[in-house]
Amino acid sequence: MNAIIPKIEKMMMPIAGKISSNKYLLAMRDSFSAILPFMIVGSIFGIISWVVLDPSGTIMGQSGLNLGAKITGLSGDAYMASGFVSVLTKGQALCGLVTTIGFDVFSLLLVISFSYKLGGIWGGDKFTTALAGLASFLIVTPQKVGETGGFSTAYFGNKAVLTAILVATAASWMFVKLSKNEKLTIKMPASVPPAVAQSFAALIPVGITLGIFAVFSAVLIWTSQPALNDLIYMAIQAPLMGFSQGIGFSLLYQILVWFFWWFGIHGHNVTAAIQNSIYMPAQLANQTGDAAYVFSNGFFEAGLMHIMGLVIAIMIFSKREDWKAVTKVGAPGMIFNIQEPLAFGIPIVLNPMLLIPYILAPITNTLIGWAAISSGLVPVFKFVVPWTMPLFFGGMIGTGSIRGGLLQLVWLAVDIVIYSPFVIAANRTSEQNQ
């Protein structure tokens, strides 16, 4: 193993380095990160609405804690017709306004965020680039839905993620490229205020960019083709999301993520394109109720805690003082799924002794989670929670059920079993080296 590692490292490190430092992929990652607060806030209000305020839900409903009947002293039709239920329903409507911003217009926010980031890395004016991306996205989005016209949030939600990425990329590149052409730039006298001069400088590039997208959209209409979003969803995004739900693809995804981490490279950054274009839309579809995908962003984030199995195994079985010392320092961070102190302190990175369990634990968790959710024992991960949410609470809030938290505890128990033999073996290796 020690002889093989340098060869693999020599082959993989340049590739991984190029991927993880690619400015376009970094812009994509940062744009998703920028809108994550809206998703989390939307999810929190969704939890309040569907878990707490729902008259028939987990807290108030008869199938749950039945708190509604205990408060009102009513049951059945009388309870559902009560003023208390009316207040709960109004509260749900209020929460729905915020949840809509977090999820129903997710792709709209993504276009703005991604175009802004691309404008920065390609050397254009970031704010104007974001506006150009947004305008282009609206142009290719059907603007007449029903008899009264207008936009449908169906074109702004989880089904438009790839459309948002592609349109933001094309519009941003086109606008920045055109705005750097001096022949297309209207220059104003020095006495003109900078903001006004900048707007005139962007006039022709904006006009050409929007004009191209308008012609493209018109061609689709004149030829009786579906809207761009529908074409992309039917041809690319829907098949990708279906393919990604296969257990084989999901296991391969986990292997790639943690293999890169073992090399000391941020595995989730390297695979961000897969996460953002496939598993994030799956998470959004679960949240809005459009689908019930087993494998989603929330599912994999709930499994980040597998290294806690190593922490506990070291605390119980390790005789190595260096490992124990690092674990004492790194354990508090690991409670919030921050693994770097352990990864580089023990180290896990490029440590042949820990390679097998470091990859085996998350793929075993994936298999167990797939079996538990597919069989209906555990609900799908529906709600977006911060990836730093501690063990048990992340699973419980993410699924909206205590069974999600119990699933994480099962994962932890299995992870301890997987890591323990290697920790014990490390004791023997340390003794032999002394």
Flagged in the stretch 36-57 as surrounded by 18 or more Cβ atoms within 10 Å (Cβ to Cβ) and more than 17 Å from Gly91 (Cα to Cα), in numbering order, are Phe38, Met39
Those residues of the stretch 30-53 which are closer than 12 Å to Val98 by Cα and among the polar types (S, T, N, Q) amount to Ser43, Ser49
Expected single match for of a type in the set (Gly, Ala, Ser), more than 20 Å from the chain's Cα centre (by Cα), buried (at least 21 other Cβ atoms within 10 Å of the Cβ) and not assigned by TED's automatic domain parsing to the domain that holds Ile44 among Gly330, Gly369 is Gly330
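Tell me which helices (runs of 4 or more DSSP H) are completely within the stretch 287-351 and hold 2 or more residues being charged (D, E, K, R), or say none if there are none.
Correct list: 321-335.
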If I filter the stretch 143-159 for residues that are at pLDDT 90 or above, surrounded by 24 or more Cβ atoms within 10 Å (Cβ to Cβ) and of a type outside the set (Phe, Trp, Tyr), do I get at least one hit? no
Margin query: Just to be sure before I move on: is Leu377 over 21 Å from Tyr253 (Cβ atoms), in contact with a Leu (Cβ under 7 Å, 6 or more places away or on another chain) and of a type in the set (A, V, I, L, M) in the structure I sent?
Written below: no
Residues of the stretch 174-214 being among the charged types (D, E, K, R) and either modelled with pLDDT of 95 or more or within 27 Å of Phe137 (Cβ to Cβ) (or both), in sequence order, are Lys177, Lys180
Wholly inside the stretch 53-171, helices (runs of 4 or more DSSP H) that include 1 or more residues that are of a type in the set (Asp, Glu) are 76-80
(Q) I'd like to know if the stretch 199-216 contains one or more residues that are within 26 Å of Ala154 (Cβ to Cβ) and free of Cβ contacts under 8 Å to residues at least 24 places away in the same chain. (A) yes
Checked Gly405, Gly376 against criteria (in a loop (DSSP other than H, G, I, E, B) and among the small types (Gly, Ala, Ser)); the one match is Gly376
Within the stretch 58-88, residues being hydroxyl-bearing (Ser, Thr, Tyr) and either touching a residue at least 60 places away in the same chain (Cβ under 8 Å) or loosely packed, with under 15 Cβ neighbours inside 10 Å (or both) number 4
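The values are calculated or read from the model by the stated rules, or taken from the named source; none is laboratory data. Please read all numbers here as calculations on a predicted model, not as lab measurements. Please note: Cβ atoms are built from the backbone with ideal geometry, for glycine as well, and neighbour counts cover all protein chains shown.
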